[in-house]
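Okay, so here's the structure we're looking at.
The values are calculated or read from the model by the stated rules, or taken from the named source; none is laboratory data. Please read all numbers here as calculations on a predicted model, not as lab measurements. Ideal geometry is used to build each Cβ from the backbone, glycine not excepted, and the neighbour counts take in all protein chains shown.
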2 protein chains.
Amino acid sequence: MAKDIKRLGLEGKIFGIDANASHLEEALALNIIDVKSSYADLHLADIVVVSTPVDVLVAELSNILDAISDDCVVFDVGSTKAMVCKIVEDHPKRRNFLACHPIAGTEFSGPSAAIDELYVGKTNIICEIEKTAFKLQERALELFQQMGMRIRYMNPEAHDKHIAYVSHLSHISSFMLGKTVIDKEKNERDIFDMAGSGFESTVRLAKSSPAMWTPIFEQNRNNVVKTLNEYIQNLQEFKQLLEDGDYEGIYNEMNDTNKIKEILKGMPQNKKELTG
Amino acid sequence: MAKDIKRLGLEGKIFGIDANASHLEEALALNIIDVKSSYADLHLADIVVVSTPVDVLVAELSNILDAISDDCVVFDVGSTKAMVCKIVEDHPKRRNFLACHPIAGTEFSGPSAAIDELYVGKTNIICEIEKTAFKLQERALELFQQMGMRIRYMNPEAHDKHIAYVSHLSHISSFMLGKTVIDKEKNERDIFDMAGSGFESTVRLAKSSPAMWTPIFEQNRNNVVKTLNEYIQNLQEFKQLLEDGDYEGIYNEMNDTNKIKEILKGMPQNKKELTG
């Protein structure tokens, strides 16, 4: 996001705050931030982007709101929304906070993983927009629009329920697929010569950061357990068809699921439409 | 493969045989083949590439071998190897057949899905090389080398066992992930606005052809059921950790699986080494 702000030539300086001193140093060296900073400078900010694992977000958000000026907007970019909205509901500066989830990124972490124009055509889910001060909404939305994001409004509970299906479950399926294959093939590294792009695609998310994903699964536990129950059930049914030799059933399962083609074509990043 | 043969400017004409008349027409229009043909012409061939679903392969291979000349090499490109090797073990022209599995391709099918230089740096598993006549081995290997493939030799049973882990299981995990999300979200198509590149990557293989994959799962049933049992077990253990609130356990599961990064870097298509 800092990269995009620089690319867009927006006015102002980017102050970086990070618990990891070497990440901060790296961000400065990569010219992603202008200044190494701390909470003591937060009162100077017009916009604060909280980009941390979601456990740190819920632990720190109140302290951040305490430290900012009345004219600052703080938004987060976390993958869970119910808990953060709950944590700040009674904060005196609730109107300075905007709960966001820009659906964009890769399996990589740290300053060197930053990508130019990451947000063009990507969806940003905003929750409880009505709880943010009007002129601060406007300031954040103008930034999102300049970055090329599509905005969708949703309540935090609906966000957490649906994101469990279209994001959190994918990560678990990928991690457990990686685990299954590594466990089996640990003594036969040459076997990975047999792995093609299909394997690579399905296990890509298993490279993701455990420090980022553990608190997401913790905060969204009930929804994630539900998606896992349904996924395991579907796998068991598929296995049963195979054990029963019901190949017509297997064909039909796959054929019915082929409609994912049309669904993926309709995804914002795959549409050729103009953004904004 | 026909595209590559043309690109490499190899001598000879490409005869196309297909049960699907419109695919044959399309292949001709795309200049992938030179002539529409039939089994009646098979005696003219120097090389026959059998590229069909594996049920058609085992049904037709004996007929194809019956129809070719003594100086022709026939190879297949199927994702299972034990059954096809078994089917032809006593065929009088066994020495004219080479059992192959080039690990390359996409989730798309038909002539329009053909890709130039698909095989550069990709692994081709060859089974029971010793059962193929020496000069016919040579002819096929020269072609593979010109296409840029890496060759690995393996017995059919080892091939089928390992490919279940690094390919067949990925397809089932992807199909069932697609099914789980489609079932849940069928009345809420807008939800796919929330799906990012992670979801897309993990469900990509769910676009694959059921006609191609059903017979693969059928022929490799025992190995596939075994991988599914292990995968389901790992998912259940992850779910249990989540239900128990054992977030340290969840962190460790993901952290241990992160080593997939190094494994994927070591995959042939991701190495910067020279091929051949």
Among the residues of the stretch A:133-171, the number that are more than 19 Å from A:Lys81 (Cα to Cα) and within 21 Å of the chain's Cα centre (by Cα) is 6
Yes/no for A:His159 being touching a His at 6+ places or on another chain (Cβ under 7 Å) and either hydroxyl-bearing (Ser, Thr, Tyr) or in a helix (DSSP H, G or I) (or both): yes
The residue that is farthest from the chain's Cα centre (by Cα), considering only those in the stretch B:2-18 that are assigned to a loop (DSSP other than H, G, I, E, B) and at pLDDT 95 or above, is B:Lys13
Within the stretch A:34-81, of all residues that are assigned to a helix (DSSP H, G or I) and among the hydroxyl-bearing types (Ser, Thr, Tyr), the one farthest from A:Pro92 (Cα to Cα) is A:Tyr39
A:His23 meets each of (1) loosely packed, with under 13 Cβ neighbours inside 10 Å; (2) over 18 Å from A:Asn96 (Cβ atoms) with one exception, condition (1)
Of the residues in the stretch B:150-164, those that are more than 9 Å from chain A (Cβ to nearest Cβ), of a type in the set (A, V, I, L, M, F, W, C) and under 11 Å from B:Asn124 (Cβ atoms) number 1
inquiry  = Going residue by residue through the stretch A:168-189, is there one that turns out to be modelled with pLDDT under 95, more than 7 Å from chain B (Cβ to nearest Cβ) and assigned to a helix (DSSP H, G or I)?
reply    = yes
Residue count, the stretch A:134-170, condition farther than 30 Å from B:His171 by Cα and free of Cβ contacts under 8 Å to residues at least 24 places away in the same chain, comes to 5
Checked the stretch B:21-49 for anything more than 14 Å from B:Lys3 (Cα to Cα), in contact (Cβ under 8 Å) with a residue 12 or more places away in the chain and polar (S, T, N, Q); matches are B:Ser37, B:Ser38
Within the stretch B:133-156, residues of a type in the set (A, V, I, L, M) and either assigned to a strand (DSSP E or B) or farther than 27 Å from B:Ile68 by Cβ (or both) come out as B:Ile151, B:Met154
Counting only residues that are surrounded by 15 or more Cβ atoms within 10 Å (Cβ to Cβ), part of a loop (DSSP other than H, G, I, E, B) and aliphatic (A, V, I, L, M), the stretch B:87-119 contains a total of 5
Those residues of the stretch A:7-57 which are of a type in the set (Asp, Glu) and in contact with a Pro (Cβ under 8 Å, 6 or more places away or on another chain) amount to A:Glu26, A:Asp55
Going through the stretch A:234-249 in order, the residues found to be touching a Ser or Thr at 6+ places or on another chain (Cβ under 9 Å) and under 17 Å from B:Ile182 (Cβ atoms) are A:Asn234, A:Leu235
Worksheet item: Do the conditions hold for B:Ile126, that is, is it more than 7 Å from every other protein chain (Cβ to nearest Cβ), outside any helix (DSSP H, G or I) and touching a Cys at 6+ places or on another chain (Cβ under 6 Å)?
Response: yes
Among helices (runs of 4 or more DSSP H) entirely inside the stretch A:198-276, those with 2 or more residues being at pLDDT 95 or above and facing another protein chain (nearest Cβ under 8 Å) are A:210-219, A:221-243, A:247-257
- Within the stretch B:256-267, is even one residue β-branched (Val, Ile, Thr) and under 13 Å from A:Ser173 (Cα atoms)? yes
Only unsatisfied item for A:Ile191, checking (1) among the aliphatic types (A, V, I, L, M); (2) within 22 Å of B:Lys239 (Cα to Cα); (3) free of Cβ contacts under 8 Å to residues at least 40 places away in the same chain, is (2)
Just checking, does the stretch A:193-202 include any residue being farther than 28 Å from B:Ser209 by Cα, crowded, with 21+ Cβ neighbours inside 10 Å and under 31 Å from the mean Cα position of the chain (by Cα)?
no
